[in-house]
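The values are calculated or read from the model by the stated rules, or taken from the named source; none is laboratory data. Just so you know, these numbers come straight off a predicted model, no measurement behind them. Glycine also receives a Cβ, built like all others from the backbone with ideal geometry; neighbour counts cover every protein chain displayed.
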C-alpha cells in the first residue's frame, strides 16, 4: 500500500516509464523493437475525440499504431521500444486531451478482459441453446405427443446437456467452493436446480414422460449468466480505470558511493547510506540532511499547502517532494520503519476494524438459500407420503419447486441496478470500485472532507495579480521563470496571463531553500522567503520581492476545487453533517472553513487522529462518507463507511477509497449520493418483486400444478420486470 | 411429420451458423469497445477501410 512497497507501479503521471526488468511486462516488452503502452484518457467522449487522439498520436515519429477504446476511455499505443511515454502525454495535453500513462495494471486489466470474454461466450452459447430448445418446447406445449414429443425431448437433451456442462460452470464452481467451506450461497440452489432439472428431464425423456424441464434449466442459466456478465463488466471497467491511473512511486534512489552516485533499488538501501535527492524528485526514505538546503512539498503527506524550508540537520520523511535544491541525506529508517510504511499499517488496522458490511444481495441470499432447500425437501417428503412412495412424482414436484423459486429475478436484481447506476455515474466522471459502495453510499448521513487537494486544488494561485505594479511584476517574473517552486510557478502563470514581459536580468542564481537572486542593471534583486529578503512576514502564504531594499509582497491562496461551494451548500440544505479535517495549519484551514461555511473543522491533524475521528463518528452510529486524497487520509478512507478519492489523489488513497472521482468537478459527489439512494431503492423494489412472485408461485409449485410452460413464463416475466425496474435507477 | 427429418437439422445448422458468427465476433474483439465502435461509424475517416 505504501509507495515503497509496490515497486511495480510507476512514477508520477508525467514521467512514468516501465521500471526496467522489474515485471513480467517489462520482460515481455523488451523482446520486440516496439512496445505497447496504454494511456488513460479520462476526458474523451465523442467521435472527434477518437480521431483527435489517434491522429494526434500518429503525428509523432515514435508511434507505430494507436487505437482508442472509448468504452474504457483508454488508448493502446505501439511505440519504439526505447521511446519514453512522456512525449505522448505532453503531445496529447497540448492537443487538449488529459492523458495519464498506465502500467503494470494492464496485465490485470487483460485478465479481467479474458474473464469478461469467457462469460460472454458462455452467455452466447446458453442463449443459442435456450432459443432452440424453447422452439422445440413450444411444439410440445402446443400438443406434440408420442414419438414426436419424445424426439423433441431427445433433441432438446442433446442441445441442453453440453450447454449446461459448458455454460453453468461458473455456478457449479462457486457452489462447490461454498459447500467446501460448509456455507450456503446463492449458487448452491441455482446449481442444484439446474442439475436436478436436467437430471429429471433426462429420466423423463428416457421413459417417454410428459414433462421435461430442459428449457427451464437453460433459461435459468441464461438469465443468471446475464446478471453475472453485467456485474463483471461494470466492476472490471471501473476497477481497471481506477487501478490504471499511475501514481507517485519511488522505486529507485541515488546512492552516493566513492565512485559517484549509483541508481539503487529502494529495497537495497540500508540505514546509514548516503543518498542524493535531486530537486523535483521524491524523498525515498526517512533520513537526516547531511548537506544542502531546499524546500519540501509535504502536501501529499500532511496536507500542508506551503512548502517548508529545510537545511542541514533537519529530518525528512519518505514521500515528501524535494523542490529547489539538491540534498544529501543519510538514511535513518528504511522499508517498514519509514513513516510512509506506518501509514500503510494504519490503513490495514482501519480496514480490519471496519465493521464487515453485509451487502443486500448477501442478506437476501442468506434468507433465501435455506428456505428454498427446505421447501423443496418438504415438498418431496410430503408428496412421497401423499402418493405413498412415488419417487418420480415427488422428485418431479421438488424439482419444479426449485426451478420456479430459483432466483432469476434475485440474480438480476442487484447487477442490473448497479450496471445502470454505475453507467450513469461513469458518465459523470465517477468510478465505483467496490461492489457494495453504492448501497453504502445510500446510508450516508455525515460527510468528512480533507482540505488540501480535495476541497482545494492543492495548488497556490497568486492573489489579485492586477493590483501588483507592472515593473515589480516584470522583475519578479524574470526571477521566477527559472525555478521549479510551486509559488514561482503560480507567479509565472499569473504573469503570463496578464501579458507581462519579463525584465532582462543578469546573473540569475537560485539559493535553494531561500529564493532566487539576480542583478538588474547593477542593482541586486531577490525573490524569496521573508527572512531572507528582510521583509516582515505576512500571516498568509507569500513570497517577497526585494529590489535594492524596496520590498513587494506577492501573496498566494489555494484555489477551491470546481464545484466545492455548490456541493457544500447542497449538502447543508439536505441536512448532512459536514466536517473538515486537515493536516494543514490553523489559519489556512479556518479560512477555507469560513469560505465554505463549515462549522466543524479541525487543523493540524495527524493521520492517526483523522482515522480516530472517523472511527469515533462511526461509534456514535453515524455513517461517514470520507472524501480525501492524501497519504494522511488513507487510514480514514479505509475506516469510513464509504469513501471517495479524487483522481488526482495518491495511489494509496485511491486504493483505499471505494470510489474515484475522475471529473475535476467535486459537486458530482452529490450525484453519487443521489444515484446511490435511488439504486438502493430499486434494489429493494426488485427484491420485493421477486419475493411477491415467489409467494404466488411457491404454492402452485408445491401443490404440483407447475407445468414446464408455467415455469418458463414465470421465470421470463419476473426477469424482464426486474430489468425494466433497474432502468429507473437514475 | 417426415418433413421434420429435414427441418430440424436445417434449423439447427442455421442456429449453429449464428453461434459460429458470434464466436468469430467475440474472438476478433468486436465486443471490446461498443461505445467507440458506435461513434467510429459516424466518422468519414474510416469510410474506405476500417481501422485495424
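Just one of (1) in contact (Cβ under 8 Å) with a residue 40 or more places away in the chain; (2) at negative phi fails for residue A:492. It is (1).
Selection of the range A:143-176 for residues being in a loop (DSSP other than H, G, I, E, B) and within 14 Å of another protein chain (Cβ to nearest Cβ) yields A:143, A:144, A:145. If you check A:502, A:460 for being buried (at least 17 other Cβ atoms within 10 Å of the Cβ), in a strand (DSSP E or B), in contact (Cβ under 8 Å) with a residue 12 or more places away in the chain and touching a helix residue (DSSP H, G or I) at 6+ places or on another chain (Cβ under 7 Å), only one passes: A:460.
Quick one: is residue A:114 within 12 Å of chain B (Cβ to nearest Cβ), closer than 17 Å to residue A:40 by Cβ and either in contact with a strand residue (DSSP E or B) (Cβ under 9 Å, 6 or more places away or on another chain) or modelled with pLDDT under 85 (or both)? Judged against the criteria, residue A:114 is not a match. Of all the numbered requirements in (1) at pLDDT 85 or above; (2) within 13 Å of another protein chain (Cβ to nearest Cβ); (3) assigned to a helix (DSSP H, G or I); (4) surrounded by fewer than 21 Cβ atoms within 10 Å (Cβ to Cβ), residue A:91 misses one, and that requirement is (2). Checking each residue of the range B:37-50 against the condition of being closer than 26 Å to residue A:167 by Cα and either facing chain A (nearest Cβ under 8 Å) or modelled with pLDDT of 85 or more (or both) gives no match.
In the list A:525, A:533, which residue meets the criterion of being in contact with a helix residue (DSSP H, G or I) (Cβ under 7 Å, 6 or more places away or on another chain) and either surrounded by 21 or more Cβ atoms within 10 Å (Cβ to Cβ) or at pLDDT below 80 (or both)?
On the way: A:533 fails: in contact with a helix residue (DSSP H, G or I) (Cβ under 7 Å, 6 or more places away or on another chain).
Of A:525, A:533, the one residue that is in contact with a helix residue (DSSP H, G or I) (Cβ under 7 Å, 6 or more places away or on another chain) and either surrounded by 21 or more Cβ atoms within 10 Å (Cβ to Cβ) or at pLDDT below 80 (or both) is A:525.
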